[in-house]
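> Input: one structure, supplied below.
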Amino acid sequence: MADTPSTVPATSNLRDTDSASVKPASSTEVKSRPRPTGPRGLPFHQIYTLPAPIRTFPLPNFYPNNPLSLFHVVYAWVSQLVAPPPIEPAVIHEGIWSPETRSVQIKDSKSIRALWEQGFFGKGNYSRSEPNWLKREQSRRGKHNGHVAEDLTAQRREERKMMKWDRARKELEAIQRTRLLEAWVAPVGPMELLALPNSQRDLYPVYSNGPVNAHSTIDPLTNGVASADGAIDGPTLNGISLPVDGIETETIEKDVVSASEMNDHSSRPHTPTEGIKARKSVRFSPKVESTTYKLSDPPSPLNGLQANGSVTLSQPTELGLSEPLIEHSTSIEKDSEPNTEIVDKEHLQLCLEEAFYLVFALGALTVLDPVTGKPLGASDLFTLFRQASYMPPRRIDLQPDDPFLVHYAVYHHFRSLGWVTRPGIKFGVDWMLYNRGPVFSHAEFAVIVLPAYTNPWWKAEGRQPPRRSWHWLHTANRVQSTALKTLVLAYVDIPPPFDDGLGAADILKRYKVREFIVKRWLSNRNRD
């Protein structure tokens, strides 16, 4: 290990990706913002090359059927013997212990990018996972041409919400049309039969806006005359055309039959000669739109306020605003920002297990005391993290089954097997296991840590593990099945009490981890 920490430039995480433009399915679909067409950034497999903040220099493979591979191995061994590679870890990052948040804070920007890109350690205090608050702020002020993950996620969620709304609207319209067709009852009485049309003129009446030929039909839903090609002549009211006068008009359909008639099928049958009922016409003046919703007006109480006091508008047409007015207000908001350099206020938070793994297992981190500013050794951090894992923290009477020891044993176990281990509080578990990392794929396994008192000393003392009900297990398993993850129960065998003078390595050797995969049993899928 290096005596003094050094710095290395972290690879910039450029994620500008080009995607096909989404064609709007209806007028209510959210329009995607134009994305830059500049050069793409580095691919993920180059940005996240190292699985840990250390580098290894293995010898090449030897193939018995290829004698030349032996010379390759000898050459690599001699070259490393003559010019040995640098001692790893070549870079030692610095962090500060925060007793208020019970975490280790990394404030250097290069160390933040390095720890995230080389093992996905920690999370940004202003971000969900990846520390990219600076990019989001630059994108909000128009100083960043690319897009960040949170913006793309919010845009996809908005588009998905509007797509579902449009699909529900179409399904409702189809149901209403079906009800209208099913509500019509064939005439059976003598008076109804006499009321049927007796001539071609009665079948195709003449309206004031022009005659209707035999190739035209009347659409009861639009109350207009549709020609043979399906085009509607214009808005009409009982066959009389309505003047438009250049004013935007929104028509609201009126039910042809009432709810009671649709449900109970009224005793009076409907005949084709019955007149089409009127529609209600509602008009909005464009002057009201331009004079009512101004940037200087107070926000509407129906939409609520954001943290900065701006009004959240999910859809421009909900308030009668046109698209250019929304773009104008956005440009005014961006121009109102002061043209000053943005200072990165975000730091990386490392939980207790992540920080101790970087210090104890990899040696790539140094934790400083917040009061004295001196580095804390691995043994001091081990005792400090054990004390801080209790609620409230305790300084004496530390037990072998304290939360830090139990959870760190599982964390170290899966990290040593090559899994990217991340906290799983979002899914109600202790740890989430990723194959390569959260930027490549979703987590495959969700781990719940359970202490197991299998040692005879605990049985003699009558110590029992915490009671878990079947309802709890079924709930946890159902949540993971819904999220397409496999539930893993990790049992940690707790050793008997030991001397506090032992080192961290000697203490951790006494713990054993056993894994059990839990899957739901479905009668229609697991019959054999």
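Matching residues to (1) in a helix (DSSP H, G or I); (2) among the aromatic types (Phe, Trp, Tyr); (3) at positive phi; (4) out of contact with any Gly (no Cβ under 6 Å at 6 or more places or on another chain):
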residue	(1), (2), (3), (4)
392	no, no, no, yes
399	no, no, no, yes
409	yes, no, no, yes
412	yes, no, no, yes
415	yes, no, no, yes
426	yes, no, no, yes
437	no, no, yes, yes
442	no, no, no, yes
446	no, no, no, no
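> Still on this structure, please answer the following. Could you give every pair whose Cβ atoms fall below 8 Å, whose first residue belongs to segment 495-506 and is on the phi > 0 side of the Ramachandran plot, and whose second residue is open to solvent by 30 Å² or more (accessible area, probe 1.4 Å) and modelled with pLDDT of 90 or more, counting only separations of at least 6 or pairs across chains?
From segment 495-506, no pairs qualify.
> Follow-up question, since we're still on this one. Restricting the search to segment 418-442, which residues are under 18 Å from residue 48 (Cα atoms) and at pLDDT 95 or above? Can you show your working first?
Within segment 418-442, the first condition is being under 18 Å from residue 48 (Cα atoms), and the residues that meet it are 418-422, 433-442.
Those that are under 18 Å from residue 48 (Cα atoms) and at pLDDT 95 or above: 419, 420, 421, 422, 433, 434.
> Next question, about the same structure. For the list (1) under 30 Å from the mean Cα position of the chain (by Cα); (2) among the basic types (Lys, Arg); (3) outside any helix (DSSP H, G or I), I need the number of the one condition that residue 467 fails.
Among (1) under 30 Å from the mean Cα position of the chain (by Cα); (2) among the basic types (Lys, Arg); (3) outside any helix (DSSP H, G or I), residue 467 violates only (1).
> Tell me, please, whether a residue that is closer than 30 Å to residue 132 by Cβ, free of Cβ contacts under 8 Å to residues at least 12 places away in the same chain and of a type in the set (Ser, Thr, Tyr) can be found in segment 436-454.
Checked against the condition, which is being closer than 30 Å to residue 132 by Cβ, free of Cβ contacts under 8 Å to residues at least 12 places away in the same chain and of a type in the set (Ser, Thr, Tyr), segment 436-454 yields at least one hit.
> Are any residues in segment 351-372 open to solvent by 10 Å² or more (accessible area, probe 1.4 Å), assigned to a loop (DSSP other than H, G, I, E, B) and under 18 Å from residue 116 (Cβ atoms), and if so, which ones?
351
> Further question: Within segment 466-476, identify whether any single residue is of a type in the set (S, T, N, Q) and within 23 Å of residue 419 (Cα to Cα), and answer yes or no. Don't jump to the end; show me each part of the working.
So the first thing to find is which residues in segment 466-476 are of a type in the set (S, T, N, Q), and the list is 469, 475.
Pick out the ones that are also within 23 Å of residue 419 (Cα to Cα) and you get none.
Scanning segment 466-476 turns up no residue that is of a type in the set (S, T, N, Q) and within 23 Å of residue 419 (Cα to Cα).
> Which one is nearest to the chain's Cα centre (by Cα) among residues in segment 43-58 that are surrounded by 12 or more Cβ atoms within 10 Å (Cβ to Cβ) and hydrophobic (A, V, I, L, M, F, W, C)?
For segment 43-58, the residue satisfying everything is 44.
> Looking at segment 479-528 only, could you name the residues that are among the basic types (Lys, Arg), under 17 Å from residue 401 (Cβ atoms), under 39 Å from the mean Cα position of the chain (by Cα) and outside any strand (DSSP E or B)?
Going through segment 479-528, the residues among the basic types (Lys, Arg) turn out to be 485, 509-510, 512, 514, 519-520, 525, 527.
Next cut, under 17 Å from residue 401 (Cβ atoms) only: 509-510, 512, 514.
If we keep only those that are under 39 Å from the mean Cα position of the chain (by Cα) too, we end up with 509, 512, 514.
Of everything in segment 479-528, just one residue is among the basic types (Lys, Arg), under 17 Å from residue 401 (Cβ atoms), under 39 Å from the mean Cα position of the chain (by Cα) and outside any strand (DSSP E or B), namely 509.
> What pairs can you find where one residue is in segment 75-94 and under 29 Å from residue 110 (Cα atoms) and at pLDDT below 90, the other is assigned to a loop (DSSP other than H, G, I, E, B) and open to solvent by 60 Å² or more (accessible area, probe 1.4 Å), and their Cβ atoms are less than 6 Å apart, with a gap of 6+ or different chains?
85/57; 88/55
> While we're on this one: Restricted to segment 136-148, and to residues that are in contact (Cβ under 8 Å) with a residue 60 or more places away in the chain and either in a loop (DSSP other than H, G, I, E, B) or among the aliphatic types (A, V, I, L, M) (or both), which residue is most open to solvent (accessible area, probe 1.4 Å)?
The extreme case among them is 145.
> Taking segment 481-495 only, how many residues are open to solvent by 40 Å² or more (accessible area, probe 1.4 Å) and more than 12 Å from residue 449 (Cα to Cα)? Give the steps one after another, and end with the answer.
Step one: filter segment 481-495 for residues open to solvent by 40 Å² or more (accessible area, probe 1.4 Å), giving 481-482, 484, 491.
The next check asks that each one be more than 12 Å from residue 449 (Cα to Cα); those that pass are 481-482, 484.
Number satisfying all stated conditions: 3.
> Within segment 351-382, track down each residue that is touching a residue at least 12 places away in the same chain (Cβ under 8 Å) and under 19 Å from residue 500 (Cα atoms).
356, 360, 376, 378, 379, 381, 382 - these are the residues of segment 351-382 that are touching a residue at least 12 places away in the same chain (Cβ under 8 Å) and under 19 Å from residue 500 (Cα atoms).
Each row is one residue, and each column tells you yes or no for (1) open to solvent by 40 Å² or more (accessible area, probe 1.4 Å); (2) over 23 Å from residue 418 (Cα atoms); (3) not in a helix (DSSP H, G or I).
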{"position": "115", "(1), (2), (3)": "no, no, no"}
{"position": "121", "(1), (2), (3)": "no, no, yes"}
{"position": "126", "(1), (2), (3)": "yes, yes, yes"}
{"position": "129", "(1), (2), (3)": "no, no, yes"}
{"position": "134", "(1), (2), (3)": "yes, yes, no"}
{"position": "150", "(1), (2), (3)": "yes, yes, no"}
{"position": "157", "(1), (2), (3)": "yes, yes, no"}
{"position": "160", "(1), (2), (3)": "yes, yes, no"}
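The values are calculated or read from the model by the stated rules, or taken from the named source; none is laboratory data. Just so it is clear, the structure is predicted and the values come from calculations on it, not from any experiment. Counting neighbours? That spans all protein chains shown, and the Cβs are built from the backbone with ideal geometry, glycine included. Accessible surface areas use protein heavy atoms only, side chains included; no ligands, DNA or RNA. Shrake-Rupley method; radii C 1.70, N 1.55, O 1.52, S 1.80 Å.
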